[in-house]
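**Q** There's a structure below that I have some questions on.
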Amino acid sequence: MSLTTLSPKQIVQQFLAEVRSGLHPENAGLYMADKILAHQIQAENPVTVERTPDNYTAHIREFLDLFGRFELEVTELLADGDKVYARWIQNGIHTNDIDGYKATGLPLIEYTSAVYRVADGKIVEYWLQTDRKGMESQLTKNEAARI
């Protein structure tokens, strides 16, 4: 399947709906280049990870293990040339241990935004920010409710 006839915005939109949503993570290779630079924007420790479609598939399957069959709601999708900004809300259930917090079966909401760069019909790079403090607060609150 060639996506080169689609706009960068359409490619990212389909990627989010099909792969990042957890519906078909095995299709990451349709939307991602063989090697992707994934910039994890964190104030205390920014890091760039090299991803492949296979390890991205494993990454999404890990989300499914931690959050169950989550829902992904894309709340913003803007494009400028080869870059596409996306913001989403992931609603799931705490189904497995996360960062030392035991599974509670209670809801977890994750807020994330990313900028994707598309070249030749594939995602080649992205910059990702996630509300990690908000997730930590939810995990702490859920743990207290479990006790």
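**Q** Output the number of residues of segment 65-92 satisfying the condition of being of a type in the set (D, E, K, R) and crowded, with 16+ Cβ neighbours inside 10 Å.
**A** Qualifying residue count, segment 65-92: 1.
**Q** Determine which single condition Ala103 fails, assuming it passes every other condition in (1) in contact (Cβ under 8 Å) with a residue 24 or more places away in the chain; (2) surrounded by 13 or more Cβ atoms within 10 Å (Cβ to Cβ); (3) out of contact with any strand residue (DSSP E or B) (no Cβ under 6 Å at 6 or more places or on another chain).
**A** (1)
**Q** What residue, among those in segment 113-142 that are surrounded by fewer than 16 Cβ atoms within 10 Å (Cβ to Cβ) and touching a Ser or Thr at 6+ places or on another chain (Cβ under 8 Å), is nearest to Lys83 (Cα to Cα)?
**A** So the residue we want is Asp120.
**Q** Of all residues in segment 40-69, how many are more than 12 Å from the chain's Cα centre (by Cα) and closer than 23 Å to Lys9 by Cβ?
**A** Adding up the residues that qualify gives 3.
**Q** Kindly indicate the residue of segment 4-19 that is touching a residue at least 60 places away in the same chain (Cβ under 8 Å) and not polar (S, T, N, Q) and also surrounded by the fewest Cβ atoms within 10 Å (Cβ to Cβ) among those meeting that condition.
**A** Leu6
**Q** Can we say Glu50 is surrounded by fewer than 14 Cβ atoms within 10 Å (Cβ to Cβ), in a strand (DSSP E or B) and out of contact with any Cys (no Cβ under 8 Å at 6 or more places or on another chain)?
**A** Here the answer is yes, as Glu50 does meet what is asked.
**Q** Please state which of the following conditions Lys122 fails to meet, knowing it meets all the rest: (1) modelled with pLDDT of 95 or more; (2) closer than 25 Å to Glu44 by Cβ.
**A** The single condition Lys122 does not satisfy is (2).
**Q** Kindly check whether there is at least one residue in segment 33-47 that is among the aliphatic types (A, V, I, L, M), exposed (fewer than 13 other Cβ atoms within 10 Å of the Cβ) and at pLDDT below 95.
**A** yes
**Q** While we're here: Specify which of the listed residues (Glu125, Glu110) is in contact with a Leu (Cβ under 8 Å, 6 or more places away or on another chain), of a type in the set (D, E, K, R) and farther than 16 Å from Gln13 by Cβ.
**A** Just one listed residue meets the conditions, Glu125.
**Q** Right, next: Name the single residue that is nearest to Phe70 (Cα to Cα) among those in segment 91-141 being of a type in the set (Ser, Thr, Tyr) and either outside any strand (DSSP E or B) or over 16 Å from the mean Cα position of the chain (by Cα) (or both).
**A** Thr95
**Q** Continuing with the same structure: Which residues, taken from segment 1-50, are of a type in the set (Lys, Arg) and touching a Phe, Trp or Tyr at 6+ places or on another chain (Cβ under 9 Å)? Don't jump to the end; show me each part of the working.
**A** Narrowing segment 1-50 to residues of a type in the set (Lys, Arg): 9, 20, 35.
Across segment 1-50, the qualifying residue is only Arg20.
**Q** I need the full set of residues from segment 20-51 which are of a type in the set (A, V, I, L, M), out of contact with any helix residue (DSSP H, G or I) (no Cβ under 6 Å at 6 or more places or on another chain) and either in contact (Cβ under 8 Å) with a residue 40 or more places away in the chain or closer than 22 Å to Phe63 by Cα (or both), in order please.
**A** Leu23, Leu30, Ala33, Ile36, Leu37, Ala38, Ile41, Val47, Val49 - these are the residues of segment 20-51 that are of a type in the set (A, V, I, L, M), out of contact with any helix residue (DSSP H, G or I) (no Cβ under 6 Å at 6 or more places or on another chain) and either in contact (Cβ under 8 Å) with a residue 40 or more places away in the chain or closer than 22 Å to Phe63 by Cα (or both).
The values are calculated or read from the model by the stated rules, or taken from the named source; none is laboratory data. Since this is a predicted model, take the numbers as computed values, not measurements. No Cβ is skipped: glycine too gets one built from the backbone with ideal geometry, and neighbour counts run over all protein chains shown.
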